[in-house]
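Comments concern the structure below.
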Amino acid sequence: MNPNDLEKAFASTGVVLSGVTRSQLDESTPCSSWKVRELVNHIVGGTMYFASVAATGNPPEGASPEGASPDFAAGDDYVAVFNKGAAQAVEAFSAEGAMERTMHMPFGDLPGSVFINIAAIDTFTHGWDLARATGQPSNLDPALASEMLGVARSFLPDEMRGPEPAPFGPRVEPPAGASPADQLAAFLGRQP
């Protein structure tokens, strides 16, 4: 994946995020331990996390992609905050040397060329989660979803699967004729 793919993932999720209403913030999501509010906070905070790691090689001090985020959903314009963070992340990953830079993550060191895959797939898949939770169309960018499914299949080990708090659930068999986004979600442990 490359910065253009990341930008497409942010754009796809941004459309879904802009369709979330305040009345939906307490609804359940496919991420069983998160309501829509926590998912919005994770998605919005994720843009800034990805931007910081891509720019510096390190997570922001005291930050964790899975930890508590500020309550962006309580603000009036979390979509604008998301868009700003997304632009910063794309810019950071587009900078000269970013793909080769070592990114020091809590779970190990990765080159930027691998970390961008995590950023894009995380953002896109949580956009699918948010679409499902809020009754929006979840057949997100089929070409990008197909590409991400191929990438995910190439690097997601079974050791990272299991019940929460594992980052990914067990694979789910998607129904016949499932969209590429549904197939990606099923591969990552969601029920399409």
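Read-outs throughout are calculated quantities, based only on the coordinates presented, and are distinct from any laboratory measurement. What you are looking at is a predicted structure, and each value in this text was computed from that prediction instead of being measured. FYI the Cβ positions are ideal-geometry reconstructions off the backbone, even for glycines, and counts take in every protein chain you see.
Over the chain, with a Gaussian network built from C-alpha contacts below 10 Å, which listed residue (A86, A176, A131) shows the highest mean-square fluctuation?
Per the Cα network of the chain with a 10 Å cutoff, A176 tops the list.
Does the stretch 74-182 classify as rounded, prolate or oblate by the C-alpha gyration tensor (a ≥ b ≥ c root eigenvalues; a/c under 1.5 gives rounded; else a/b over b/c gives prolate, otherwise oblate)?
The shape class here is oblate.
At D76 and T102, where each label point lies 7 Å from the Cα along Cα→Cβ, what is the point-to-point distance in nanometres?
4.6 nm
May I have the extent of the alpha carbons of the chain along their three principal axes, as whole Å values ordered from largest to smallest?
Sorted from largest, the Cα extents of the chain read 41, 39, 30 Å.
Please list the helices of the chain that count as membrane-span-like by this rule: a mean Kyte-Doolittle hydropathy of at least 0.0 together with Cα atoms stretching 27 Å or more along the helix axis, each helix being a complete DSSP H run.
36-56, 112-134
Which residue fluctuates most in the GNM of the chain (Cα springs below 10 Å): G108, G45, G162?
G108
Could you work out how much longer the chain between V172 and A87 gets when fully extended? Use 0.36 nm per residue separation minus the Cα distance between them, nm to one decimal.
Gain on extension, V172 to A87, equals 27.3 nm.
Along the Cα→Cβ direction, 7 angstrom out, place labels at N2 and S146. What is the inter-label distance in nm?
Distance between the two pseudo-spin positions: 1.9 nm.
Could you work out how much longer the chain between N58 and S18 gets when fully extended? Use 0.36 nm per residue separation minus the Cα distance between them, nm to one decimal.
Computed gain between N58 and S18 is 11.5 nm.
Could you size up the charge dipole of the stretch 1-113 around its Cα centre, putting +1 on the beta carbon of Lys and Arg and -1 on that of Asp and Glu, and report it in debye to the nearest 20?
In total the dipole reaches around 160 debye.
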